[in-house]
Amino acid sequence: MLGKFFKKPADDMGGRVPPGQSLTARFPVLTYGPAQHYDAAEVVVRITGLAGEKTFTWADLLALPQTTLTYDIHCVTHWSKLDTEWTGVRVTDLMEHIQLDPAATYVMQHSVGGYTTNLSLADFTRSENLLAHTFNGEPLTAEHGGPLRLVVPHLYFWKSAKWLTGLEFMAADQPGFWEKNGYHMRGDPWAEQRYDDD
């Protein structure tokens, strides 16, 4: 399997490939349960918790500045994919329309089906993070989190929640679905923070 779809890099490719990762040209589909299929027009992102409650519809999100970025992504299951291109709304642009309580230091991502995963506010508000709807010039497929997912490229990819429905701002860290089931609270690929005892 490793030789057919994945390739061990000879080195870290100039700091691009974290330890323990293999390169893939494919885009493996990994999720808990079936892919969620719904129309883009049904997308709603609700802002709750330590922020002014607000709702962003699909039309609202498309009315915000759209940004295309290229970066590498890394899965906790040991694959990395280089030079992926994503289009969507920068988190920093979204945050300009959110009234955040100064006590907020973490955010919980909520997804269709009840899935959740946590981020520190510092990790969430990095300028390269996107609420993405397009991958490599095509609408994001359901299998990869479409119509809308978060993309947080500096952390393992489970921290980039598929089928995003809400952002809950919090005063303290709390585990989401995978963190409750043994994954690391942060998930830094370069520190190999895969599991809760790493």
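Remarks
- Residue of 95, 170, 108 that the Gaussian network model of the chain assigns the largest fluctuation, springs spanning Cα pairs under 10 Å: 95
- Straight-distance crosslink candidates among aspartates and glutamates, where the alpha carbon sits under 19 Å from residue 81 and sequence neighbours closer than 8 are dropped: 11, 12, 72, 128, 138, 143, 188, 192
- P(r) histogram, all alpha-carbon pairs of the chain included - 5 Å bins from 0, percent: 1, 8, 16, 21, 21, 17, 10, 5, 2, 0, 0
- Largest GNM mean-square fluctuation among 165, 117, 57, using the chain with Cα springs under 10 Å: 57.
- Computed from backbone phi, the HN-Hα couplings of segment 133-138 come to 10, 9, 10, 6, x, 10 Hz, rounded to whole numbers (Karplus: 6.51 cos²θ - 1.76 cosθ + 1.60, θ = phi - 60°; Gly and Pro given as x).
- Under 5 Å, built H, 5+ apart or other chain: amide partners of residue 79: 22
Laboratory data are not the source of any read-out in this text; all were calculated from the coordinates shown. All values reported here derive from a predicted model rather than from experimental measurement.
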